[in-house]
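The values are calculated or read from the model by the stated rules, or taken from the named source; none is laboratory data. Computed from a prediction, not measured in an experiment: that's the story for all the values here. Here the Cβ positions follow ideal geometry from the backbone for every residue, glycine too, while neighbour counts run over all protein chains shown. Quick note on the areas: whole protein, heavy atoms, side chains included, nothing else; ligands and nucleic acids left out. Shrake-Rupley method; radii C 1.70, N 1.55, O 1.52, S 1.80 Å.
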Amino acid sequence: MSVGFGIVGSGLMAGVFANALKEDTQNTRLVGVTVGKRAPGVAEKYGIEHIPTFEAMLARPDIDAVVLATPHSTHLPETLAAARAGKHIFLEKPMGLNTAECRQMIDAANAAGVKITVGHVTRRMEAPRVARRMIDNGEIGDVRMIQTWRGMVGGLPFPEGAWALDPKEGGPFLDWGSHGCDVTRWYAGAEPVVAFGQFAKYGAKETLQPSAMAQFTFGNGVMGQIWMTYELPHAVLGTRARYLVIGSKAILDIAAYGQVKRSRGPSEAAERASNLEIMGYGQVSGSRTDASWEVVYQSDDFRGADAGWGYPSAYMRQGFARQVQDLTNAIADGTPMEVSAEDGLKAVEMVEAATRSAERGESVKLPLG
């Protein structure tokens, strides 16, 4: 079965998903694009139709699913309209502005019998997936603590007048923090029960709060800390998209854009050194038996933990393609989706809890009432 897609929106992410649907997925047909002044250019570039309005796209029988790559505040009305029209829905993150909006979307999709998923691409990139498999296989023991970092220089990366700078769109911690909350919950393997958040801005030019720290306790005892800032003086910490997962036996250092390192304790390092000697590599220096890091995965196009996302590298294209392929497979044969709409809601709920905490100056219990 071939699934016909329409893209709503014409910014950066519209091009990312157009690439995925045209070149990197199977059993997909990219039919057209609508909404935004750049839509005609996107249509010309990818050899697809420029559909004049969102309503016209929903009326098309050759479109089975829509990709909503639009501002956060439009997700609820667009999702409700798409569900009424019987279209399956892929939402770029965050799912909505708050938990109540997300619940409305899920209820509408369920009532209409359509699939709905959210673009939490971190789960689809290979380095984070390798780390998750190692956790599931018990290679680091029981997960105890998680640190999720997003540290960049230069302030918020949006031009003047960009919709993302409008406070009604939810702010930086909703925009990126929904990613951070999702991956922290994914690695924790449990639901959050307590949140404490603090937001700040240090640069005079900033109108929103580009820095945040949020602490979560999960039902299984795991502690998670999310640190987001666009106000670093220098990009030297390897924090562009970096996650530390501390287990009872080992630590994982994950650069989301293409690398996983595992810690080795002194006894493991000594055993490895002994094996090297047995294999004829000679005596290994004593310093080799100190605790150290071992690279267990690295993509061919990894450029460093402080480098940008690298799109359109093969590594990043694979991650975005997996998202829409997942929805395609679910539509075609009912394959369960890796990221559910409930996952999208839970990420927004964590953002909402941290935001309430920051506003009130006190911890907030989850789930939210």
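Solvent exposure of residue 80, expressed as accessible area, is near 40 Å², computed with a probe of 1.4 Å over the protein chains only. For the set 17, 199, the ranking by accessible area, highest first and with no ligand, DNA or RNA atoms included, is 199, 17 under a 1.4 Å probe. Its alpha carbons give segment 92-135 an Rg and a Dmax of 13.9, 38 Å.
As a calculated quantity, the FRET efficiency between residue 2 and residue 74 at R0 = 30 Å, using C-beta atoms, amounts to about 0.60. In the complete set of protein chains, residue-level accessible area for residue 45 is approximately 150 Å², probe 1.4 angstrom. Shown here for segment 159-243: trypsin sites (Lys or Arg not before Pro) in loop regions (DSSP other than H, G, I, E, B) with at most 12 other Cβ atoms within 10 Å, namely 205. Taking amide H atoms as placed 1.01 Å from N in the peptide plane, the amide H of residue 3 lies under 5 Å from those of 28, 29, each 5 or more residues away in sequence or on another chain. Put a dot 7 Å past the Cα of residue 363, heading toward its Cβ, do the same for residue 166, and the two dots end up 3.8 nm apart. Toward the positive end of the charge dipole of the chain, with +1 on the Cβ of Lys and Arg and -1 on the Cβ of Asp and Glu, the farthest Cα among 158, 117, 58 is that of 158. Take the Cα of residue 53, step 7 Å toward its Cβ, do the same at residue 111, and the gap between the two points is 2.3 nm. Taking all protein chains together and rolling a 1.4 Å probe, residue 186 ends up with roughly 40 Å² accessible. The 1.4 Å probe gives accessible areas that order 90, 54, largest first, as 54, 90.
Taken along its principal axes, the alpha carbon cloud of segment 16-155 reaches lengths of 53, 38, 35 Å, longest axis first. Computed over protein heavy atoms with a 1.4 Å probe, the accessible surface of the chain works out to 44 Å² per residue.
Starting from 0 in steps of 10 Å, tell me what percent of the Cα-Cα pairs of the chain lands in each bin. All Cα pairs considered, the percentages come to 5, 22, 31, 25, 11, 4, 1, 0. Here the Kirkwood formula, the inverse mean of 1/r across different C-alpha pairs, assigns segment 115-191 a hydrodynamic radius of 14.8 Å.
Near the amide H of residue 335, within less than 5 Å, lie the amide hydrogens of 330, all on another chain or at least 5 residues away, with H placed in the peptide plane.
Measuring nothing but protein heavy atoms, the accessible surface of the chain at 1.4 Å probe radius is 51 percent carbon and sulfur. For segment 1-57, the normalised intensity computed at q = 0.16, 0.26, 0.29 Å⁻¹ comes to -0.40, -1.01, -1.21 (log10 of I(q)/I(0), Debye sum over alpha carbons, equal scatterers, no solvent). Calculated mean residue ellipticity, 222 nm, the chain: -10500 deg cm²/dmol, from DSSP H runs (n ≥ 4) at -39500 (n - 2.57) each, averaged per residue and rounded to 500. Accessible area ranking (1.4 Å probe, heavy atoms, ligands and nucleic acids excluded), largest first, for 194, 222: 194, 222. Annotation: Cα Rg of segment 164-277 relative to the compact-globule expectation 2.2 N^0.38 Å equals 1.34. Pairs from the list 45/168; 205/346; 168/365; 93/249; 261/346; 22/87 with a Cα-Cα gap above 23 Å: 45/168; 205/346; 168/365; 93/249; 261/346. Beta bridges from DSSP with both residues in the chain: antiparallel share about 60 percent, rounded to the nearest 5.
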